[in-house]
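What follows is a short report on a single structure.
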């Protein structure tokens with residue numbers, strides 16, 4: 001009930017923001033048109049936002065038959081969480097990162113990057129996916145995905161107003177209002193994203209630590225991802241910055257996002273919280289951990305890399321395929 005109310009409130013706020021931008025761009029008629037677009041966006045956001053987000057991030061499904069070790073790990077984590085096994089998708093970027101999406105646990109998906117599988121240890125990958133499963137279990141994915149869809153739409157509407165608002169006689173502010181909308185509307189959408197995302201990340205870290213039974217592995221993963229995000233670009237996220245708050249670590253860190261307006265809490269604070277959780281939990285429990293920690297390091301997959309070599313996902317021949325070629 002709480003999550004339903006939260007999602008409804010979020011939709012109301014974003015719809016009001018959408019209508020405000022429409023009014024600045026086109027007056028009363030612009031506000032009415034914006035309301036109609038918002039209704040359509042709400043409908044699409046509930047039923048298809050996950051597909052849109054995966055498509056915009058160029059994520060492709062990972063075949064379970066070709067990644068049995070990875071799926072065995074995910075199945076073990078799903079059992080720990082009491083969730084259906086989510087679908088797995090691959091993002092073709094060398095930056096280690098991941099996000100979850102879907103309107104409910106029965107229609108959930110987790111997207112991991114090629115860099116995550118390449119650069120992190122299996123238990124660290126497990127910690128990251130457990131974090132995303134915590135988002136699914138807490139039903140954050142619908143809220144966060146709808147926010148991403150609306151934020152992108154608000155940005156496009158504001159840009160549309162900049163190009164055409166000054167020529168619209170119905171606009172009460174003319175070109176100045178259109179320029180103001182282009183500058184203020186994306187910032188307002190970002191503030192909404194921050195309000196949605198920051199507190200949920202701490203809860204997902206705690207939930208992920210409980211699901212995986214290894215808070216320190218998640219802390220280590222966060223440290224590696226944060227450090228790498230500053231140096232390795234994530235082009236799908238740069239192309240669609242409204243999606244940045246979906247990721248476990250801000251994929252635009254060190255590029256275009258200032259800490260003051262970051263959609264994520266400081267990584268150092270998250271790591272400190274996880275270390276406190278680890279101190280209260282004691283020794284990591286085995287449970288399903290044995291499934292993924294059993295993936296051995298070999299000559300083809302040394303200890304510095306993850307234990308899986310995921311073959312082709314069906315990507316086009318001219319698209320980079322990550323660490324497996």
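The table for this structure:
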{"read-out": "Considering residues of region 28-49 that are more than 21 Å from the chain's Cα centre (by Cα) and buried (at least 18 other Cβ atoms within 10 Å of the Cβ) only, the residue modelled with the highest pLDDT", "value": "31"}
{"read-out": "Selection within region 223-240 - assigned to a helix (DSSP H, G or I) and in contact (Cβ under 8 Å) with a residue 60 or more places away in the chain", "value": "224, 225, 228, 229, 235, 236, 237, 239"}
{"read-out": "Residue that is modelled with the lowest pLDDT, among those in region 50-74 that are within 21 Å of residue 204 (Cα to Cα) and under 13 Å from the mean Cα position of the chain (by Cα)", "value": "50"}
{"read-out": "Residue in region 311-323 that is closer than 20 Å to residue 132 by Cα and either assigned to a loop (DSSP other than H, G, I, E, B) or at pLDDT below 85 (or both) present", "value": "no"}
{"read-out": "Matching residues in region 75-118 - criterion: being over 19 Å from residue 234 (Cα atoms), at pLDDT below 95 and buried (at least 24 other Cβ atoms within 10 Å of the Cβ)", "value": "108"}
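The values are calculated or read from the model by the stated rules, or taken from the named source; none is laboratory data. Because the structure is predicted, anything quoted here is derived from the model rather than measured. No Cβ is skipped: glycine too gets one built from the backbone with ideal geometry, and neighbour counts run over all protein chains shown.
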